[in-house]
Amino acid sequence: MKKRAKQINLAVLLGLSAATAFAADISAVTDVNATAAEKSATTAAKAPPAKLALKPWWSYQPVQEQTVPTVKQAKWVREPIDAFVLAKLEQKNLKPSPDADRGAFIRRATLDVWGVIPTPQEVEAFVADKSPDAYEKLVDRLLSSPHYGERQARRWLDLARYADSSGFQNDITRPNMWRYRDYVIDSFNHDKPYDQFVKEQLAGDEIAPGNKDVIVATGFLAGYPDNYNSRDLVQRKYQITTDMTDTVGEVFLAQTVACARCHDHKIDKISAKEYFQLQSFFANTAELNDIPAVVGQQEIEFQKAQAKWEAATKSLREERSAILAAVKEPALQYHKERYLTDSRVSIFKAEKDWTPHDRWINHRLENVTREEDLGEYLETAALQKDSKLYNPAYVGKYERYKTLTEELKKFDSLKPEKGSDRITAMTELGHPQAPQTFLFFGGDHERPLEEVQPGFPAAFARNATPVINATAISSGRRTALANWIASPTNPLTARVFVNRVWNEYFGKGIVSTVSDFGKAGEKPTNPELLDYLADNFVKEGWGVKRLHRQILLSSVYRQSSDHREDAFKADPDNQLLAVFPRKRLDAEQIRDSLLVASGQLNDTVGGPSVFPPVPKNLNAGPAWTVSKDPADHNRRSLYVFTRRSVAYPLLDTFDMASPQQVHSKRSVTTTPLQALALANSELVFQWSQALAGRVIAEAGSDPGAELDRLYEILFARKPDRSERAQLEKFLAGQEVEIRGRFAAGVQDGKFAIAVPTGLKETKGLDPIRASAFVDLVHTVANSNEFAYRN
Amino acid sequence: MKSRRDILKTAGYGLGGLALASSLPGNLSGFGSAWAAELVDPLAPKQPHFPAKAKSVIWLHMSGAPSTLDLFDYKPDLIKLSGQDVPPSFLKGIKTSTQGGVGKLFASKREWKQYGDSGAYFSDLLPNLGQHADKMAFIRSSTTIGATHDISIMKLNTGDLNPGRPTLGAWVAYALGSANPDLPPYVVLYAGKREPRGGGVNWASGFLPAVYQGTAFRAGESPILHLDRPELISAAQQRSNFDLLRKLNEQRGARYPQDTELQARIRSYELAYRMETTAPEAVDFSKETAATKDLYGINEEATKDYGTNMLRARRLVERGVRFVQVVSGTLDIAGDNRDWDAHQDLELNHAAHARAIDKPIAGLLADLQSRGLLESTLVVWTSEFGRTSYGQSGSGRDHNPWGYSQWMAGAGVKAGTSFGLTDEIGLQSVGKKVDTYDLHATVLHLMGLDHLKTTFLNHGRAERPTVVYGDVVHELLA
Amino acid sequence: MRNQFIGAGLIVALLTASVVWAEIDLSDFDEDLMKTMDDTNKTLEPDIAGKNAQAAIEGIEIIQQGLQWTEEYFASKGNAEDGVKLAQEGKQHAMQALAAVNAGDFEKAAAAARDLTKNCKACHEIYKPKGL
């Protein structure tokens, strides 16, 4: 299959540029084992594509309706998906694993659906629930909580390369991006049908103009890393369009279309021309950062803070603006001249002569030009004696400008710490006419070849063609693209999404290369199951919660993760899922679960991103100004500011997503730096102190009950006898150790120990023993069992 | 079925110890004790293919690409022709970036001097480094593929223009393991306000297991975050904490005998515990004499940052770290925070950067020699590309991937020589060229590794550090 | 020893003179094809070394076809004897690699693949301008 693809591809390549006579030559060197069909395909390089289509690649074929297979152990089947899994197991003479115990199950499900560990009360209630629909009740409770949306959003934001800053050298804050993040949370929580979710993110501005709740969805497109400082606006347009195109291809279609940018795709049947046809859907798409947001509590607070800063800096700003206003024309001219030749062509053209392309470039210019840019002219004119612009009269003005700028900086602390009253979105600026798109030779935007029109890659679009209806304010192109992607007959969209969800629950997708359904990717391990899920998903109205519910209530998901030698021998990679796959918690699950355990989590949903404390030696400077409000320090990790150049260390060390491009799969590394972070971070240690306090408060004075409670909180189980013995022995030893240090310390007159925090009642608490208990709690929180989901 | 642990106990126990005894140099045997606790360690020392000249590499990446035409590569003809158009014959075979033709030939106001028995030229920007001319083997015909810094830096470190391949340091760690179980085998040092250009991809393990990735030390006194215990926890307390942790983990882990991740996590706490002591000690200069610190320029503002990294590099090498990658930082030049990338104001830029590194590198070479470490340490001066002989912006130079200088010194290097040439104006290499792959092959050779036999099976492909290229430059070897 | 550096200028002059840059118009060369060959070549030796016979054979075939085209291209251009000759040599290395893979001698095949890579490089030195 692989070979055939390569040869056909080559034949097409050659056919494009070489004489047809050469085709005979190819067949001469073609593998003698090639079938007649393959030979005719290779020789018929110039034949219409239909003849080349021997048998479409599996993911390009329409999703097939599936019959649920008959299985021997029919009693095990709770959901149809179980039958698909069991059928494969039975082929290998493997039995599925027994159900996990209820404690393990609720810990697993809560981590998966909410991203945190359950409380002991939740565990207890579930374990004690003898009703026949106990599992259904649990799953429905989990799915109806806003934490479900938060957890799903985090996974989606990985794909959307979400960040709160622009990236590149300056990496400036993009203050409105969190609104897109909140849109994603809300969409999952309101169980927005997936097709609608897709359409809004691709074309929210076109399908619901004026509806700010929908327009914000285009933040998906706007999430590209950006260089506001670039002197080449034409190149920037190309790079931005490229980013949007490649992201859409990878996220929704799991196609590495990016490969076709510089040359026809080496592996998949996507030509460079088709690639640029995809790009052309975004040709007219431009960034807007100043759409007024609907004013709510957040906006009011922001505006209040903003007004304070404005009032305090009014005279400074006015004086500075006046200085700049006096030189506005030459300064703007000077600033515009910094751009490269082809950008300048657009910049210096009269507005009446603007083509759609010029319009885009000029909008971009306006978007990235700041007052300070005009100040640069003043600086040159005042200081650079060998410059043509040199004018000694400006020396004083520049000095004053500089002083004012420095003075202004002093008021930065008065600026609103977070939030905004604007929306960032992608729109077409009210113009239906899109700039031309060209096929670029070798992907080089300075070497345009033929002009191309919007179109879908024939290999998987089959006969679909874009239906484009321009509106008065937009080209309608993205709506056409969105309609095709979100169409029930698109062979990829549903498969790709259900596979991503499966990957989240089972650690590996049915197609393990979750963002590559092309020929370089892996094939599905259970194609019938994949098609069943996809078909069912679409037929049931693209309901995401329903999909999750199906999996959560299945027997496959309910299996124990205990090691089974027979299953391991027959299927070492556990592809068939005879055992539930264990997984290390991801970065957010670790941090958020520690916060939950310590009772410190601030579970406010939504709002501007926050800056929790970072280690002093991070040296991030102004890129990371810790939030003043301590309540912000313990927000869910989802709300931690994503600065492209400064990853939040605790999450970073546990393999958080990189926001530079689509992040399809979290990796799991195991490093000493992680051990150091969990064992030594003052923050994590404080959480352990708080957890110790909570345990003591909840367990009462019985030492045995304390250990039970700790294990119940962290592991949803009680310690067994040998663990208890181990822990008690440790406590006794540690007490001696600390007491010894205490005796020595008292003589020096300096001695401090860590004690449990948050206790209302400390009477009768032996501080030494309590300190030993903190150590115990901290150690258990560091253990493998905590860091894993069984 | 026995657990993995049992099998190792009966069949392979002491394997680590054995390998240690046979391949660790005698003067480091004091570090051996910790191996007893390690069973299957992916970082256990491994034998090279043939006896190694170098035990460690210090990889000095001059980020931003210095103009070696203004440092090492004396071109009298360029000075003569300065201000004239580039004769067309010199531009053949290359595509230059500026469409309307390239700038005029450009000579900076350098004074040149020959140093040592080898008579190698150094410009007045590197008076200290010149003193070590006879330790160096110059590569004067370096070439690479130059697109942008990020891409070419990636090629310099991984051999490819796209992310995904392991870096040279990761290959070394993979092929040779760690010579000191108490420190990571591959350490990255950098200075300046920002993370190095291109970021972590330049010390990534690519398709090799993650354990081989470089550990990036930060600037400042705590080179690794979270090395200090929580304030209120004593060392003894933490030791018993970790003992309990190990017991709990092992007890529970027995239920999952096949899970190597769990075992790795147990091990990671042991290395973390050792690193709490060894890592700060490795970067603690309190036992260094004032003379040593002076040698590295640590007491002078201009050379303090880079000097600190040089002294750190020596201390790490001394402690058995295999690969120390030092990325030069940025400096405030003409109101901007810049690395060596002098598209304009080359005079200011190179004066500042050369000053920052000249004394520290000279100090490193002198110090390594006086401690007998130069025999076993390979020092490599490298950059993602060089700079053009023609000028840009009237005061700078553009990128030049066609011909520039790099050098090596120390273990197994043919000291006081020079290999390869560029044309009379220093624009293009002529004759035998040395690409990044060749440099990698040569470095690996000095580490006792045949680059063709250093392979890792990735998706059925036996990948090697030099992709499908690379020749050892034997002319550079003693 | 000092003399070593003084003589350099002369040597350079000689070396520069010996490199004859192709003066023919290559703008109609199929860059896509060349990229395919480059990419394929990059995985060829690893496939051989990994004893991945099937993939290696597929790769060699692609390169053979590409070199065949390249040879004809240069032949039809005229004044490009080097190009023709190098393409022919490349085909020979590819054939050697193919024969060795078929014989199960992967070491020999890997060596032939390396020769092939050098052959590519040699041709690029003459015909492929190196850009930034």
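The values are calculated or read from the model by the stated rules, or taken from the named source; none is laboratory data. Please read all numbers here as calculations on a predicted model, not as lab measurements. Cβ placement follows ideal geometry from the backbone for every residue including glycine, while neighbour counts extend to all protein chains displayed. In case anyone asks, the SASA skips ligands and DNA or RNA and just uses the protein heavy atoms, side chains included. Shrake-Rupley method; radii C 1.70, N 1.55, O 1.52, S 1.80 Å.
Segment A:184-256 and segment A:493-521 have Cα centres separated by 21 Å. As a rough guide to protection, the peptides A:118-129, A:647-658 ranked by mean Cβ packing within 10 Å, highest first, stand as A:647-658, A:118-129.
Each Lys and Arg contributes +1 and each Asp and Glu -1, all at the Cβ; summed about the Cα centre of the protein assembly as shown, the dipole is approximately 1660 debye. Mean partner shielding of peptide C:108-118, defined as the number of other chain Cβ atoms within 10 Å of each residue Cβ, is 2. The contact between chain C and chain B removes approximately 3200 Å² from the accessible area (both sides summed; 1.4 Å probe; ligands, DNA and RNA excluded). Peptide B:208-215 has a mean shielding of 2, counted as Cβ atoms of other protein chains within 10 Å of each residue's Cβ. Please tell me which of these pairs span more than 31 angstrom C-alpha to C-alpha: A:397/A:628; B:46/B:155; A:583/B:247; A:508/C:42? Where the Cα-Cα span goes over 31 Å, the pairs concerned are A:397/A:628. Could you list the residues of segment A:317-331 with an amide nitrogen less than 14 Å from a label point located 7 Å from the Cα of residue A:310 in the Cα-to-C-beta direction? Residues A:317-318 qualify, since their backbone N sits under 14 Å from the label point. Averaged over residues, the count of other Cβ atoms within 10 Å places the peptides A:474-480, A:324-330 in the sequence A:474-480, A:324-330, highest first. In chain A, helical runs assigned H by DSSP with n ≥ 4 each contribute -39500 (n - 2.57); averaged across all residues and rounded to the nearest 500, the mean residue ellipticity at 222 nm is -16000 deg cm²/dmol. One Cα centroid belongs to segment A:714-790, the other to segment B:226-269; the line between them spans 15 Å.
In segment C:55-76, which residues give up 40 Å² or more of accessible area once the other protein chains are added, compared with their chain alone (1.4 Å probe)? So the qualifying set is C:58, C:61, C:62, C:65, C:69. So if I take the centroid of the Cα atoms in segment A:282-350 and the same for segment B:354-386, what is the distance between those two points in Å? Each part reduced to its Cα centre gives a spacing of 49 Å. In terms of the mean number of neighbouring beta-carbon atoms within 10 Å, the peptides A:754-764, C:85-95 order highest first as C:85-95, A:754-764.
At a Förster radius of 35 Å, what calculated FRET efficiency corresponds to the Cβ-Cβ distance of residue B:92 and residue C:76, to the nearest 0.05? So the FRET efficiency works out to roughly 0.90. Per-residue ellipticity at 222 nm, computed for chain B from helices alone with -39500 (n - 2.57) per DSSP H run of at least four residues, works out to -9500 deg cm²/dmol. The charge dipole of chain A, taken about its Cα centre with unit charges on the Cβ atoms of Lys, Arg (+1), Asp and Glu (-1) only, comes to about 1000 debye.
Quick check on the protein assembly as shown: take the gyration tensor over C-alpha atoms, sort the square-rooted eigenvalues as a ≥ b ≥ c, and tell me if it's rounded (a/c under 1.5), prolate or oblate. Taking the square roots of the gyration eigenvalues as a ≥ b ≥ c, the protein assembly as shown is rounded. Taking a Cβ cut-off of under 13 Å around residue B:372, the surrounding Lys, Arg, Asp and Glu residues balance to a net charge of 0, with basic ones at +1 and acidic ones at -1.
Think of segment B:236-351 as a dipole: +1 on every Lys or Arg Cβ, -1 on every Asp or Glu Cβ, centred on the Cα centre; then among B:320, B:254, B:282, B:254 lies furthest on the positive end.
The charge dipole of chain B, taken about its Cα centre with unit charges on the Cβ of Lys, Arg, Asp and Glu (plus for the first two, minus for the last two), comes to roughly 1240 debye. Here's how it looks for residue A:438: its modeled amide H is under 5 Å from those of A:452, which are all 5 or more places away or on a different chain. Between beta-carbons, use under 13 Å as the cut-off and find the net charge around residue B:103, counting Lys and Arg +1, Asp and Glu -1. Charge balance near residue B:103 sits at +1.
At a probe radius of 1.4 Å, figure out the A/B buried accessible area, summed over both chains, and give it in Å² to the nearest 100. Buried area (both sides, nearest 100 Å²): 4700 Å². Ordering A:316, A:270, A:280 by the projection of their Cα atoms onto the charge dipole of segment A:207-317, which places +1 on the Cβ of Lys and Arg and -1 on the Cβ of Asp and Glu, puts A:316 at the extreme positive end. Take the Cβ atoms of residue A:92 and residue B:255, set R0 to 22 Å, and the FRET efficiency comes out at 0.40. Dipole of chain A computed with +1 at Lys/Arg Cβ and -1 at Asp/Glu Cβ about the Cα centre; of A:253, A:475, A:125, farthest Cα towards the positive end is A:253.
A straight Cα-to-Cα reach below 22 Å connects residue B:359 with the lysines B:109, B:113, B:135, B:193, B:287, B:293, B:304, residues fewer than 8 places away in its own chain not being considered. Does chain A classify as rounded, prolate or oblate by the C-alpha gyration tensor (a ≥ b ≥ c root eigenvalues; a/c under 1.5 gives rounded; else a/b over b/c gives prolate, otherwise oblate)? Oblate, since a/c reaches 1.5 and b/c is not below a/b. Take the alpha carbon gyration tensor of segment B:121-178, find the square roots of its eigenvalues, order them as a ≥ b ≥ c, and report rounded if a/c is under 1.5; if not, report prolate when a/b exceeds b/c, else oblate. Oblate. For the pair residue A:736 and residue A:232 in one chain, pulling the backbone fully straight at 0.36 nm per residue adds 174.6 nm over the alpha carbon distance. Taken residue by residue and averaged, Cβ atoms of other chains lying within 10 Å of the Cβ of B:108-116 number 1. Per residue, chain A exposes an accessible area of 41 Å² to a 1.4 Å probe, with every protein chain left in place. For the protein assembly as shown, with all protein chains present and a 1.4 Å probe, just round the carbon and sulfur fraction of the accessible area to a whole percent. For the protein assembly as shown, the apolar C and S fraction of the accessible surface comes to 53 percent. Normalised per residue, the accessible area of segment C:76-127 is 51 Å², obtained with a 1.4 Å probe and no contribution from ligands, DNA or RNA. Each Lys or Arg adds one and each Asp or Glu subtracts one; over the other residues with Cβ under 11 Å from the Cβ of residue A:197, this totals -2.
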